[in-house]
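J.: Just passing along the structure, written as structure tokens.
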Amino acid sequence: MEGCGSPPEGAHEIVCPVEMEYTTLMIQITADIAIPEDELHLDFVRASGPGGQNVNRVASAVQLRFDAAESAHLPASVKARLKRLAGKRMTMQGVLVIEAKRYRSQERNRQDAIDRFTALVRRAAEPPKPRTATRPTRASRVQRLEGKRRRSATKRLRQAPRNDEQ
């Protein structure tokens, strides 16, 4: 849009409606879903792993927190799928926590956390493909019954012989 300029480094997109007096940095997930960057809380902590002499001095790891339960920018169906996909990365209160400590630099870890967050929400935004009911083919039914017969015969041979002459 005119007058908005390019987004600062690390931002994904600037949404600049004409009616608004300020610009909000938005993370574009899909064509319909955009999340304001100010809903993401980034904490920088010390990371284990690579870092050389800096590892004990620089807080290069990033903890990204996003309150999915309170976000007005996510539809309820996306929230439900996000909760299922996030697993133990989501707290009981509905806060998604993503840790990024793959790189030595704080900026790369910050970008990695935002990219992983975007990918996760994008996956949650995809509606599941409905299952179409199909009937088993005749050949597959015959094959299944033949396998059951073979298995039955094998188990019958393992049994102790019965005495029917009593």
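J.: Across region 119-141, what is the number of residues that are exposed (fewer than 10 other Cβ atoms within 10 Å of the Cβ) and either in contact (Cβ under 8 Å) with a residue 60 or more places away in the chain or assigned to a helix (DSSP H, G or I) (or both)?
T.: Here the count works out to 2.
J.: Here's a follow-up. Could you tell me whether Y22 is crowded, with 16+ Cβ neighbours inside 10 Å, at pLDDT below 85 and more than 21 Å from P127 (Cα to Cα)?
T.: Here the answer is no, as Y22 does not meet what is asked.
J.: Please enumerate the residues belonging to region 79-118 that are polar (S, T, N, Q) and free of Cβ contacts under 8 Å to residues at least 12 places away in the same chain.
T.: Answer for region 79-118, where residues must be polar (S, T, N, Q) and free of Cβ contacts under 8 Å to residues at least 12 places away in the same chain: just T91.
J.: For region 41-68, which positions are closer than 30 Å to R84 by Cα, of a type outside the set (G, A, S) and either exposed (fewer than 13 other Cβ atoms within 10 Å of the Cβ) or modelled with pLDDT under 80 (or both)?
T.: H41, D43, V45, R46
J.: Taking R116 as the residue in question, decide whether it is surrounded by 14 or more Cβ atoms within 10 Å (Cβ to Cβ) and of a type in the set (D, E, K, R).
T.: Details: surrounded by 14 or more Cβ atoms within 10 Å (Cβ to Cβ): yes; of a type in the set (D, E, K, R): yes.
Considered against the rule, which asks whether it is surrounded by 14 or more Cβ atoms within 10 Å (Cβ to Cβ) and of a type in the set (D, E, K, R), R116 comes out as yes.
J.: Report, ordered by the first and then the second residue, all pairs with beta carbons closer than 9 Å, sequence separation of six or more or different chains, a first member in region 142-160 that is surrounded by 10 or more Cβ atoms within 10 Å (Cβ to Cβ), and a second member that is at pLDDT below 95.
T.: R144/P136
J.: Considering every residue within region 79-102, establish whether at least one is assigned to a loop (DSSP other than H, G, I, E, B), surrounded by fewer than 16 Cβ atoms within 10 Å (Cβ to Cβ) and either within 10 Å of the chain's Cα centre (by Cα) or aliphatic (A, V, I, L, M) (or both).
T.: Checked region 79-102: at least one residue is assigned to a loop (DSSP other than H, G, I, E, B), surrounded by fewer than 16 Cβ atoms within 10 Å (Cβ to Cβ) and either within 10 Å of the chain's Cα centre (by Cα) or aliphatic (A, V, I, L, M) (or both).
The values are calculated or read from the model by the stated rules, or taken from the named source; none is laboratory data. Note that this is a predicted model, so its numbers are computed, not measured. Methodologically, a virtual Cβ is constructed for each residue, glycine included, from the backbone with ideal geometry; neighbour enumeration extends over all protein chains shown.
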